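Below is one structure, written out as structure tokens, with a few remarks after it.
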Amino acid sequence: MTTKVFGHKAPDTDSTGSPIVWAWYMTEVLGTPAVPVLLGEPNTEAAFVLKHWDLPKPEIIADVAEGDKVVIVDTNNPAELPAGINKADITAIIDHHKLVGGLETKGPIDITVRPLACTATIMYDLMGDAAKTAPRGIKGAMLSCILSDTLEFRSPTTTAHDRAVCEALAADLGVDMTELATAMFEAKSDVSSFSDAELLRMDSKEYTVDGAELRVSVLETTAPKLLIDRKASLMGSMPGVAKEDGADQVLLFIIDILNEEATLLVPNDLVKKIAEASFGCTVTGDTVVLPGVMSRKKQIIPALKV
């Protein structure tokens, strides 16, 4: 049986590229047939990466069947996975997020969770010498994943090892990291064709904080004004998205990659309360700027209080 390799819903670059990388490794090196799949359309940056490295877009699936062999990458959160995930045969998890709980397996499995900025960094280590002999597109996918998840080393999640692996891949490929990252971030910033609801779900994760169900969305961009200019319509769309997704509130953080700060939209008193309790700020309008906040995983989620 062919193993399906996938990351989280609303796939970003890491959840698009890492399944491709690991499916290649399983098939070509380990001799275990595997195929990468996605749990939704890749975002604009991930789509750029696929085109740039001439990688075919993996099939998009809505669910998994009972007994399907699967490898989960870049998440371990059931809320970010297909509804039938616990009926599938999970054979491995490779991730760099905190353990959430709730996944069930048919037996003992391989689990690798490391405090690194990117799943692709972990994969590079796990592959050993095979990483150095991988095709150009596989190396390019790993490089792009690390540049994306570290925001070209601006994110506080970045480790010295992430940087070292990224630099090794770039040198091997003869690629200027800054040029590639700039092109990726420009692609990520082009959101003109997306509806408000699509933007609110584009890079979002579901969390329960102090009994409140929150959809925590981030939009990383080099052109924050384009998004902030849409704040009225974005905030107007939040109640509908929250209701459809079974959440109490949508939180939207617009991450300014170049200025290294986040702007949180504040549509109501609940979000104002959350912002002031979580980040020690004073909210006086419908937005609040949070200097230095770049990472949902390391700076936003751990700080959230309701």
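No lab work stands behind these numbers, since they all come straight from the coordinates. Note that the structure is predicted; figures quoted are calculated from it, not measured. Counting neighbours? That spans all protein chains shown, and the Cβs are built from the backbone with ideal geometry, glycine included.
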How much net charge surrounds Val288 when only the other residues with a Cβ under 10 Å from the Cβ of Val288 are counted, with Lys and Arg +1 and Asp and Glu -1?
-1
Per DSSP helix of 4 or more residues, -39500 (n - 2.57); summed, then divided by the residues of the chain. What does that give at 222 nm, rounded to the nearest 500?
-11000 deg cm²/dmol
Could you work out the per residue convex hull volume over the alpha carbons of region 108-246, in cubic angstrom?
164
Translational diffusion of region 1-125, µm² s⁻¹ [Kirkwood Rh, Cα pairs; Stokes-Einstein; 20 °C; 1.002 mPa s]:
150
Rg and Dmax of region 119-171, using alpha carbons, in Å: what are they?
10.2, 30
Rg (Å, one decimal) plus Dmax (Å, integer) for the alpha carbons of region 196-303?
12.5, 35
Please compute the contact order of region 196-303 in relative form: average sequence separation of alpha-carbon pairs under 8 Å and at least six residues apart, divided by the residue count, as a percent.
23
Expressed in angstrom, Rg and Dmax over the Cα atoms of the chain are 18.8, 59
Do any of Lys51/Lys231; Lys4/Lys298; Lys243/Lys272; Lys243/Lys305; Lys225/Lys272 go past 23 Å between their Cα atoms, and which?
Lys51/Lys231; Lys4/Lys298
Cα gyration tensor of region 191-246 - equivalent ellipsoid semi-axes, whole Å, descending:
21, 13, 10
The Cα extents of region 91-131 along the principal axes, largest first and rounded to whole Å, are 32, 21, 9
All aspartates and glutamates inside 14 Å of Lys132 as judged from Cα atoms, apart from same-chain residues fewer than 8 positions distant:
Glu28, Glu167, Asp172
